[in-house]
1. Å³ per residue of the Cα convex hull, for the stretch 11-162?
2. On the protein heavy atoms, probe 1.4 angstrom, tell me the percent of accessible surface of the chain carried by carbon and sulfur.
3. Hey, which aspartates and glutamates would be in cross-link range of LYS271, C-alpha to C-alpha under 12 Å, not counting anything within fewer than 8 residues on its own chain?
4. What is the Cα centroid distance between the stretch 217-258 and the stretch 128-152, reported in whole angstrom?
5. Hey, what did the stretch 6-167 get for relative contact order, percent, Cα under 8 Å, at least 6 apart?
6. Around ARG105, under 14 Å between beta carbons, what's the net of Lys plus Arg minus Asp minus Glu among the other residues?
7. So what is the 222 nm mean residue ellipticity for the chain from helices alone, if each DSSP H run of at least 4 adds -39500 (n - 2.57) and you divide by all residues, rounding to the nearest 500 deg cm²/dmol?
8. Can you give me the relative contact order of the chain as a percent, contacts being Cα pairs under 8 Å and 6 or more apart?
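The values are calculated or read from the model by the stated rules, or taken from the named source; none is laboratory data. Small disclaimer: the values here were computed from a predicted structure and weren't measured. With ideal geometry, Cβ positions are generated from the backbone for all residues, glycine too; neighbour counts draw on all protein chains shown. Ligands, DNA and RNA are stripped out before the accessible areas are found, and what is left, the full protein with its side chains, is counted by its heavy atoms. Shrake-Rupley method; radii C 1.70, N 1.55, O 1.52, S 1.80 Å.
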Amino acid sequence: MQHRNIAFIGAGNMAGAIVAGLVEGGYPADLISVCAPSATHRDALAERYGVHSRSDNAACAAEAGVVVLAVKPQLMAEVCGALRSQVDFSGKLVLSIAAGVTVERFCALLGEQLNIVRIMPNTPSLVGKGMSGLYAPEYVTAEDRDFTAALMESVGKICWVEDEHGINQVIAAAGSAPAYFFLFMEAMQQEMERQGFPADKARLLVQQAASGAAALVEASPEVSIGTLRERVTSKGGTTAEALRVMNEQKLPEIVASAMQAAIARAQDMEKQF
Ligand SMILES: NC(=O)C1=CN([C@@H]2O[C@H](COP(=O)(O)OP(=O)(O)OC[C@H]3O[C@@H](n4cnc5c(N)ncnc54)[C@H](OP(=O)(O)O)[C@@H]3O)[C@@H](O)[C@H]2O)C=CC1
Ligand SMILES: O=C(O)[C@@H]1CCC=N1
């Protein structure tokens, strides 16, 4: 892939996961800077991955061809306002990973016809297993779209969405989703501990079952997930009994409501930030 000078504004969980995935995947660390007010996170990234640790957002962004906005949505207006007064964004590619901040808002904050791609990544990018949704306004060039796609493909899989609302739907299905699976795994580990298993064995059982199930889904694209579930479920057996309880207690409906709540929150944030 093409290599450009990238400035990450924000060095937290998500920026760190992308930086790690990029460098582990062979992107030159020397071309990556991470910028944040306190040294804690950015210095840790510099030490571990060899990227540059910076404290001056504007200087860092000014020197880069690609600026990744990776601060919390509620800080975006303040951070972009300060950047706009000191940095000329024409000719730069801006990538936002923030939930709930629209292209229209970024254009108001940083300049009209901003060359921007919105990315909705997730933290498994850290281990090269990310899933990112991408959206770009139609005027963004094919070269910048291709660069962004290749960048995120180097830390996982990607999916373009045609309209911007698709980013909110990607949040529900992928951006936030690792936390759903972690909650499920946490609950399973806790029950195994209640059953008397030590924490390390309880975790191993749950972790291996989860990663094995995910690997099976990935390895069987021609088989529906429902069919994979049925192959585990012997008639009158233990799985059927467990699934009966989950269905009686409306797990599928809970999942659907939770995803709808994530989308609704992203829409609220679009009005707020
Ligand atoms: N976490 C996730 O799973 C996902 C997050 N996102 C999006 O990523 C963005 C970041 O989230 P996340 O990484 O979780 O947040 P974190 O709180 O982990 O990181 C935020 C980072 O922003 C830095 N920061 C705070 N103020 C400034 C400032 N004025 N200038 C520059 N940097 C600043 C913080 O600095 P310091 O290191 O000094 O604290 C920190 O490094 C959000 O917009 C979120 O919507 C998207 C998809 C998934
Ligand atoms: O919780 C959030 O708002 C962010 C976006 C997706 C994952 N974390």
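1. Working: hull volume 15.2 nm³, N = 152.
Roughly 100 Å³ of hull volume per residue.
2. Numbers: 8190 of 14770 Å².
The computed percentage sits at 55.
3. GLU104
4. Comparing the Cα centres of the stretch 217-258 and the stretch 128-152, I get a distance of 34 Å.
5. Values: 310 pairs, mean separation 35.0, N = 162.
Contact order relative to length: 22 percent.
6. Values: positive: ARG84, ARG118, LYS271; negative: GLU78, GLU104, GLU112, GLU164, ASP268, GLU270.
It works out to a net charge of -3.
7. That comes out to -16500 deg cm²/dmol.
8. On the way: 398 pairs, mean separation 44.1, N = 273.
Reported relative contact order: 16 percent.
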